[in-house]
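Scroll down for the structure; my scribbles are underneath it.
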């Protein structure tokens, strides 16, 4: 396992109550649909076991991960809730997945064959979900091949075809083309489900919607929604806030990044701090060193993007390029001393820095910001 830097003053604070709040808010909107909390990629940087427990305590009905190892990590942490693997896994890993009661995704005829063979060898009854490719073109069974895959799965007495699903590619898009494409995916999925129904095949769990789909397309909620980004307090796009506003609900960001100043020094105008000597200081100033760098998930692009940190309830800019382990902060003539608290992401007094702000300044997306928080940053549960 990666080493967490518990012996330096830099850490991530995870609010279990915020995650639980977000689950409750989303379930209030989703009606009878089950909520599957997506905790892949270390729960989008929040710490998978912490986030999984918080989501389940908030009312999530199940969990989803991308990798067999992620599912096993949760099982070893004592999580007993259903866990769906969101991708078809290599045949060599299927026995481990089934042995830890992970629900397989079936995305090909070969995947169905591997699942049936392993399930029959292991014994018992094992749940699988069939993934249909309705336009993402990344993974899943083509609609015209669904019948053959289903026949193979139903022929095995060790397989329970519990679910069927697909994945949206532009549900967060607000353009007419994006919305038309998304609705087309829903129609195609419905056609597949109806064709199976005519054969007497009706998987109990049908799911299509990610966070954007769940909020922006009520017709796509079906019997379950898969919530990822919204679980952690962020919207894929601002227009999706309309659904929350209609219900008088809000989401709460669940993560803050904090550190403490470890050094200060007075630097003269014209000097060029940090690697690359990219920018000359316009005036004499004090530079504070903060023990957090790009190896911890602070993107180098944030220097050129104009990012700030919070010290003493005030915003301060970076003084030079982000380094692997440290930031240099220009605090001007203000009094800042070693040990002073620094907020990189989160709130300090009236000021707030969000992952969305970082994403905008770094020319990327909120998902990448959150997932990029390094493994060596300790996740500390604060409530």
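Each reported figure results from applying straightforward, stated rules to the coordinates on display, with no laboratory input. Worth saying up front: this structure is predicted, and the values here are computed from it rather than measured. A quick note on method: Cβ atoms are made from the backbone with ideal geometry, for glycine too, and the neighbour counts reach across all protein chains shown.
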Kirkwood Rh in Å, taken over the chain so that all alpha-carbon pairs contribute: 22.5
The chain, relative contact order [Cα under 8 Å, separation at least 6], %: 19
Antiparallel DSSP beta bridges within the chain, as percent of all bridges there, nearest 5: 50
Alpha-carbon centroids, segment 261-275 and segment 202-255: separation in whole Å: 45
Segment 192-250: equivalent-ellipsoid semi-axes (sqrt of 5 x gyration tensor eigenvalues, Cα, Å): 29, 11, 9
Compactness index (Cα Rg / 2.2 N^0.38 Å), segment 255-353: 0.98
Nearest 10 degrees, 0 to 90: helix 48-58 Cα axis against the chain principal axis: 70
Max mean-square fluctuation residue, GNM over the chain, Cα-Cα springs under 10 Å, options 126, 100, 247: 247
Translational diffusion of segment 133-189, µm² s⁻¹ [Kirkwood Rh, Cα pairs; Stokes-Einstein; 10 °C; 1.306 mPa s]: 123
Ranked list, fewest to most other Cβ atoms within 10 Å of each Cβ, for 139, 324, 30: 324, 139, 30
Alpha-carbon gyration tensor eigenvalues x 5, square-rooted, for segment 134-234, Å: 26, 15, 11
Taking the convex hull of Cα positions in segment 179-320, its mean projected area over all directions (nm²): 13.6
Gaussian network model of the chain, Cα within-10 Å springs - most flexible of 314, 40, 27: 314
Fewest-first sequence of 303, 181 by Cβ atoms within 10 Å of each Cβ: 181, 303
Cα extents of segment 92-192 along the three principal axes, largest first (Å): 49, 25, 19
With Cα atoms, 0 to 90° folded angle of helix 16-30 axis to the chain main axis: 40
Calculated FRET value between residue 125 and residue 183, using beta carbons and R₀ = 51 Å, to 0.05: 0.90
Relative contact order, percent, segment 250-323 [alpha-carbon distance under 8 Å, six or more residues apart]: 31
Proxy reagent accessibility, fewest Cβ within 10 Å first, across 358, 367, 239: 239, 367, 358
Label point 7 Å beyond Cα of residue 138 along Cβ direction - residues of segment 167-202 with amide nitrogen under 13 Å: 167-172
Percent RCO, i.e. relative contact order, over segment 115-252, from Cα pairs under 8 Å lying at least 6 residues apart: 19
For the chain, built as a Gaussian network whose Cα springs stay under 10 Å, the top-fluctuating residue of 302, 154, 56: 154
